[in-house]
1. Calculate one ³J(HN,Hα) per residue across the stretch 244-255 by plugging θ = phi - 60° into the Karplus curve 6.51 cos²θ - 1.76 cosθ + 1.60, and present them in order as whole Hz with x for glycine and proline.
2. Calculate what fraction, in whole %, of the accessible area of the stretch 258-358 sits on carbon and sulfur atoms when a 1.4 Å probe is rolled over the protein chains.
3. Top mean-square fluctuation among N338, N150, N90, Gaussian network model of the chain, C-alpha springs under 10 Å?
4. Residue by residue, what Karplus-based ³J(HN,Hα) values in Hz, rounded to whole numbers, does the stretch 34-47 have, using 6.51, -1.76 and 1.60 with θ = phi - 60° and x for Gly and Pro?
5. How large is the accessible surface per residue of the chain, computed with a 1.4 Å probe and reported in Å² as a whole number?
6. Around A334, which amide H atoms from residues at least 5 apart in sequence, or from another chain, sit under 5 Å from its own amide H, with H modelled in the peptide plane?
7. Which pairs break 22 Å Cα to Cα here: K117/K195; K103/K158; K103/K124; K270/K354; K103/K346; K89/K158?
8. From the phi angles alone, apply the Karplus equation (6.51, -1.76, 1.60; θ = phi - 60°) to the stretch 215-226 and give each ³J(HN,Hα) in whole Hz, x where the residue is Gly or Pro.
Amino acid sequence: MSRVYNFSAGPAVLPEEVLKEAAQEMLDYRGSGMSVMEMSHRSAAFAQIIQEAEADLRELMQIPKHYKVLFLQGGASQQFAMIPMNLMKNKVADYIVTGQWAKKAWQEAQKYGTANKIASSEDKTFSYIPDCSDLPISPDADYVYICENNTIYGTKFKTLPNTKGKTLVADVSSCFLSEPVDVEKYGVIFGGVQKNVGPAGMVVAIIREDLITEDVLPQTPTMLQYKTHADAGSLYNTPNSYCIYICGKVFKWLKARGGLAAMKEYNEEKARILYDFLDESRMFKGTVERESRSLMNVPFVTGDDALDARFVKEATAAGFVNLKGHRTVGGMRASIYNAMPIEGVKALVAFMKKYEEENR
Ligand SMILES: *Cc1c(COP(=O)(O)O)cnc(C)c1O
């Protein structure tokens, strides 16, 4: 067996300990004689899995009692529709467009009401987070929407926008559980788990209880109403049970590593190693304004397409995989999520140094 350093933006690297444990339990989950995949989602064994997963997540993020935790299917993209369908009582919402995922959410919301773009960083290819301290928030906005960490462009909100009292909704897919959060600053926090937490195909939505009502847009499908899932403890229909099981293991792994404050420190250290190198390199350059840099997704370029392409090729051969940048940005992108060990970042930087020396 040989594992690579996987810098994929998602689906992405998972903790090796978690994968090993899942492998050990694959054929016979704790004496049940079956895999979690084969198990009824109404069984006592699965009830324990989902309840522990929720309890561990609540502990990690210090989620207050008046917030529900939902494990939903359809990934993060499904939320782009569920949010307006469930929250647009006045049919007005404000969107801050800082990248493709925010743009997609904004475009989807336009189907259901007036979705105002109140700020954007598209003028500079989404390479920064705009000043959101005094935006023209709509007086009747049902919520203000952000994508907190922009996976493709590598930017992150360092301070949350001033929503002037309106409910904040945040897509945290690519920074989920990378650092502590103050849940009470948000109405809804949601994250597709395949970036930093688990396998693809599921989203965790943390929603303040007063936002979960029957007063949704007409014709909202039962499956797309938060209340359906909140009332059923995420077991209205068959959930993505194996994904919940793996996420639960990752939550336990995070707790064992000291929780989110410890993860933040570790992630800052990893990111510092890479950004410090990018700042001193004469070949590789980061593409993002310094104050907006993400701890999780680090795009960089050489400025020469041929050098970029050869770098990606040689890196792959050396065991540093999925470094090719997003098709809309070009160059390279290293995603260094929770499960990427610091050794992986150090080895990547050493490889980049060598490449620079050999190609000067
Ligand atoms: C990947 C990603 C999505 C889309 O996730 P899906 O699970 O594929 O729907 C949405 N938002 C952000 C910030 C992402 O990184």
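The values are calculated or read from the model by the stated rules, or taken from the named source; none is laboratory data. Just so it is clear, the model here is predicted, and its values are computed rather than measured. Ligands, DNA and RNA are excluded from the accessible area calculation, which covers all protein heavy atoms including side chains. Shrake-Rupley method; radii C 1.70, N 1.55, O 1.52, S 1.80 Å.
1. Coupling constants for the stretch 244-255: 4, 4, 5, 4, x, 5, 5, 4, 5, 4, 5, 4 Hz.
2. Here carbon and sulfur together make up 49 percent of the probe-accessible area.
3. The residue with the greatest mean-square fluctuation here is N90.
4. Computed from phi, the couplings for the stretch 34-47 are 8, 7, 4, 5, 9, 9, 4, 6, 9, 6, 5, 5, 6, 4 Hz.
5. 43 Å²
6. Result for A334 returns V298, F300.
7. K117/K195; K103/K346; K89/K158, as the Cα separations exceed 22 Å there.
8. Here the 3J(HN,Hα) series is 7, 10, 4, x, 6, 5, x, 3, 5, 9, 9, 4 Hz.
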